[in-house]
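Okay, structure first, notes after.
The values are calculated or read from the model by the stated rules, or taken from the named source; none is laboratory data. Worth saying up front: this structure is predicted, and the values here are computed from it rather than measured. In this analysis, Cβ positions are derived from the backbone assuming ideal geometry, glycine residues included, and neighbour counts consider all displayed protein chains. The protein model used for the area step is the full one, side chains on, heavy atoms only, and it has no ligands, DNA or RNA in it. Shrake-Rupley method; radii C 1.70, N 1.55, O 1.52, S 1.80 Å.
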Amino acid sequence: MQTRNNKRKLGWFGWSLISIFSIAIIASLLLFFNVFNITNVFTIEDLEEAQEEKQTEAQEVDTETEKEIEEVQNTVGVQHEEMGSFIAETHVFYNNKTGYGNINSLDWDEQADQAERIIETIDAHIDNVQSDALKEDLQAIRELASNSITDKEKDQVRMLHRYFHDLDIALNHYNGYDKIWNVTETLK
């Protein structure tokens, strides 16, 4: 009889507190996962792919490479400041959308919108590009962007990111790097 009375004492107020406490814990967990962008469940394959991506094609930047990059920045970069701004903005987009494993959960509508902006910008400015190497890179980017709209392959998005990474270094003195991907003609 004593146990039954204890259950009754909890009543609506006690159950309300338990409910509020449970909701607070759930909300805290959701906020934690959202703040730290832990929305993807990574598989071993994802981790192996990320490791492989870090090791493939990237070149450490040594003193000689730094001098070559500086030369490109002082020639091609100075001549193409408007294109440099576009490249910097697009590089930030790809850093945010593909970095830290985000490439495994791409929003393809958002990627298609970005690809269309890339195509429009390149089409509007490519005739003013003086550097043949940069023009060749922009044409390759345009083709990748176009293909990424229809194919929806993350490897194409990864390559777009690498192009914009290297071109941001070449045109804008982007210094958030210690490696280049060697995908552009501009930095060869």
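Data overview
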quantity	calculated
Residue count, the range 59-116 (criterion: within 13 Å of residue 170 (Cβ to Cβ) and either open to solvent by 20 Å² or more (accessible area, probe 1.4 Å) or of a type outside the set (Gly, Ala, Ser) (or both))	20
In the range 76-93, residue farthest from the chain's Cα centre (by Cα) [restricted to those that are under 16 Å from residue 136 (Cβ atoms) and part of a helix (DSSP H, G or I)]	79
Residue under evaluation residue 166, criteria (1) in a loop (DSSP other than H, G, I, E, B); (2) under 18 Å from the mean Cα position of the chain (by Cα); (3) charged (D, E, K, R), criterion not met	(1)
Filter result (assigned to a helix (DSSP H, G or I) and surrounded by 12 or more Cβ atoms within 10 Å (Cβ to Cβ)) within the range 121-136	121, 122, 125, 126, 133, 134, 135, 136
Output for the range 147-163, where each listed residue is under 18 Å from the mean Cα position of the chain (by Cα) and among the hydroxyl-bearing types (Ser, Thr, Tyr)	148, 163
Candidate set from the range 139-181 (those that are polar (S, T, N, Q) and open to solvent by 60 Å² or more (accessible area, probe 1.4 Å)); member that is modelled with the lowest pLDDT	175
